[in-house]
Amino acid sequence: MERPPEPFSIEESRRDGTTVLTLHGELDLAYADDLTVRLEELRDRGEPVLLDLDQLEFIDSSGLRVLLKATQDSEGAPWRFQVTRGSLAVTRLLDGAGLQGRLPTVD
């Protein structure tokens, strides 16, 4: 019997000297700390990060908190943090929270 997919996963790759973290599934309270820990590890090593939100099916306020903290950590610091525009679920949350345009977004 096949196991159901994990509700959240992080796929990690490298592109042009940047660590790309592609998020899959649902980023909520149960998984926000996992992402925070990984982002802090990369920040502490000074490795640039692109957080790919395009495959994310759901994000709640705890996930949003992680994005805002990483953005804040990168402002005026040598660490580069960027996000993709994200899935419809992500853009809806950002719009609803009045945060569209406040994250360092790339196409």
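The values are calculated or read from the model by the stated rules, or taken from the named source; none is laboratory data. What you see is a predicted model, and the numbers here were worked out from it, not measured in a lab. A quick note on method: Cβ atoms are made from the backbone with ideal geometry, for glycine too, and the neighbour counts reach across all protein chains shown. What goes into the accessible areas is simple: the full protein's heavy atoms, side chains included, and nothing from ligands, DNA or RNA. Shrake-Rupley method; radii C 1.70, N 1.55, O 1.52, S 1.80 Å.
Find out how many positive minus negative residues lie around Asp95, taking Lys and Arg as positive, Asp and Glu as negative, among other residues whose Cβ is under 13 Å from that of Asp95. Walk me through the numbers on the way to the answer.
Values: positive: Arg85, Arg92, Arg102; negative: none.
Neighbour charge sum, excluding Asp95 itself: +3.
Other residues lying with their Cβ under 11 Å from the Cβ of Pro7 contribute a combined charge of -4, Lys and Arg counting +1, Asp and Glu -1.
Please identify which residues in the range 35-72 have an amide N closer than 20 Å to a label point set 7 Å out from the Cα of Thr91, following the Cα→Cβ vector. Inside the label zone: 51-61, 64, 67-68.
In the chain, the calculated helix contribution to ellipticity at 222 nm averages -11500 deg cm²/dmol per residue, counting -39,500 (n - 2.57) for every DSSP H run with n ≥ 4. The slack between Ala30 and Glu75, meaning 0.36 nm per residue of separation minus the straight C-alpha distance, is 13.5 nm.
On the protein heavy atoms, probe 1.4 angstrom, tell me the percent of accessible surface of the chain carried by carbon and sulfur. Walk me through the numbers before you get to the answer.
Values: 3060 of 6340 Å².
For the chain, the apolar C and S fraction of the accessible surface comes to 48 percent.
As a ratio to 2.2 N^0.38 Å, the alpha-carbon radius of gyration for the chain is 1.03.
Kirkwood hydrodynamic radius, the range 54-107, all distinct C-alpha pairs: what's the number in Å? Walk me through the numbers before you get to the answer.
Numbers: mean 1/r = 0.0873 Å⁻¹.
About 11.5 Å for the range 54-107.
With all protein chains kept in place, the per residue accessible area of the chain amounts to 59 square angstrom at a probe of 1.4 angstrom. These residues, Ser61, Ser13, go from largest to smallest accessible area, 1.4 Å probe, as Ser61, Ser13.
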